[in-house]
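Here's the structure, in C-alpha cells; my notes come after.
The values are calculated or read from the model by the stated rules, or taken from the named source; none is laboratory data. All of these numbers come straight from a predicted model, not from anything done at the bench. Cβ placement follows ideal geometry from the backbone for every residue including glycine, while neighbour counts extend to all protein chains displayed.
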Amino acid sequence: MAPSTYTSSLPPPPPPPPPTSQGNQFDPGVHNVDDDCPFCKITATYAPYDPTNPPQPSSSTGSSSNTSSDPLNPEAGAPNPPTFVVLSTPLLIAFLDIMPLSHGHVLLCPRAHRPKLSDVTSPESRELGYFLRLLSSAVARATGVGDWNVVQNNGAAAAQVVPHMHFHIIPRPELRANGRSKERFTSTMFGRGQREELDEEEAGPLAQSIREAIAQLLQEEEQSKPKL
C-alpha cells in the first residue's frame, strides 16, 4: 500500500471535485489492481503528493531506494527500469514513457486498473480531464515544444500495448530537424516502428522540470482567479 502523504483528490488550488465514495488515498487492497500489470506495479509503489508542492528527487534517477515517506524514492519494490513520476494524486499518476517517441513523452493513467477508457469511473474521468489539460501545458513548458499529440488507444487491435488505460502526451518538435518524416513518426506512434529507450540521465531533470511546471501552472491559475 502506498504511504499516506497527500489526501485531497485535486490540489488545494483549484477546488477539488465533488466528494465521492472512492476516498482520497489510493489503496491497492480496495481498488482494482492487476498483479501482472506494470502500471499497477507503479501505482502501488509511488505515493500521492501535493502537485502544488512537488518533492525534490533525492537521487539522480528519481526512483532509487530511499525512505518510504519519499513519493519519488520508494523504500522497496521500485520498478525496473526506473519510473520517473511527474504527477501523483490519489486517483491518477503520470510518468515518463520508457520508450519515448520524443523528448517529454508522458503517460497519464488512473491508479486503479482500468483496461479501457470505457472502464474509467466518473470521478477518475473528471480528474483525468482536468490534469490532461494541465499536464499538456506543463510538458510544453518544460520541453519548449508548443505542438503535441494526445493519444489514447483501446485494445490490442488499436495499438494498446499495456492493458491499463492511459493517455500519451507526445511533444511534436520539427520532425525534419530531427531527420524523421511525419509519416514515420505517426506510424511509430500507433505501434508500427522502432522506438528508443528512455535516457535515464536526461529523464531525472526532465521529470523535475515537468513537476515544477505543473506547480507553476497551478499557482498561476490560483492567482488569476477573480478576487472577491
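The set of residues in the range 142-167 being of a type in the set (Val, Ile, Thr) and either over 16 Å from the mean Cα position of the chain (by Cα) or within 12 Å of PRO115 (Cβ to Cβ) (or both) consists of VAL145, VAL161, VAL162. In the range 113-135, the residues that are over 24 Å from THR52 (Cβ atoms) reach residues that are assigned to a helix (DSSP H, G or I) with C-beta atoms within less than 8 angstrom, at least six apart or across chains, in these pairs: HIS113/PHE39; HIS113/CYS40; ARG114/GLU124; VAL120/LEU128. The set of residues from the range 109-156 being β-branched (Val, Ile, Thr) and touching a strand residue (DSSP E or B) at 6+ places or on another chain (Cβ under 7 Å) comprises VAL120, VAL139, THR143, VAL145, VAL150, VAL151. On inspection, PRO74 passes the criterion of being part of a loop (DSSP other than H, G, I, E, B), surrounded by 15 or more Cβ atoms within 10 Å (Cβ to Cβ) and free of Cβ contacts under 8 Å to residues at least 40 places away in the same chain.
Taking the conditions (1) in contact with a His (Cβ under 9 Å, 6 or more places away or on another chain); (2) in a loop (DSSP other than H, G, I, E, B); (3) surrounded by fewer than 21 Cβ atoms within 10 Å (Cβ to Cβ) in turn, ASN149 satisfies each one other than (2). Scanning for something among the hydroxyl-bearing types (Ser, Thr, Tyr) and modelled with pLDDT of 90 or more, does the range 98-119 turn up at least one residue? Looking for residues that are among the hydroxyl-bearing types (Ser, Thr, Tyr) and modelled with pLDDT of 90 or more, one finds at least one in the range 98-119, hence yes.
Restricting the first member to the range 90-110 and to residues that are of a type in the set (D, E, K, R), and the second to residues that are in a strand (DSSP E or B), the beta-carbon pairs closer than 8 Å and six or more apart or on different chains are ASP97/VAL106; ASP97/LEU107; ASP97/HIS168. The number of residues in the range 85-99 being out of contact with any strand residue (DSSP E or B) (no Cβ under 8 Å at 6 or more places or on another chain) and within 15 Å of HIS168 (Cβ to Cβ) comes to 2. Among the residues in the range 164-175, are any out of contact with any Phe, Trp or Tyr (no Cβ under 8 Å at 6 or more places or on another chain), at pLDDT 95 or above, in a loop (DSSP other than H, G, I, E, B) and among the hydrophobic types (A, V, I, L, M, F, W, C)? Yes, the conditions are met somewhere in the range 164-175. Counting only residues that are out of contact with any Lys or Arg (no Cβ under 8 Å at 6 or more places or on another chain) and either under 20 Å from THR45 (Cα atoms) or assigned to a loop (DSSP other than H, G, I, E, B) (or both), how many does the range 110-120 have? Matching residues across the range 110-120 total 7.
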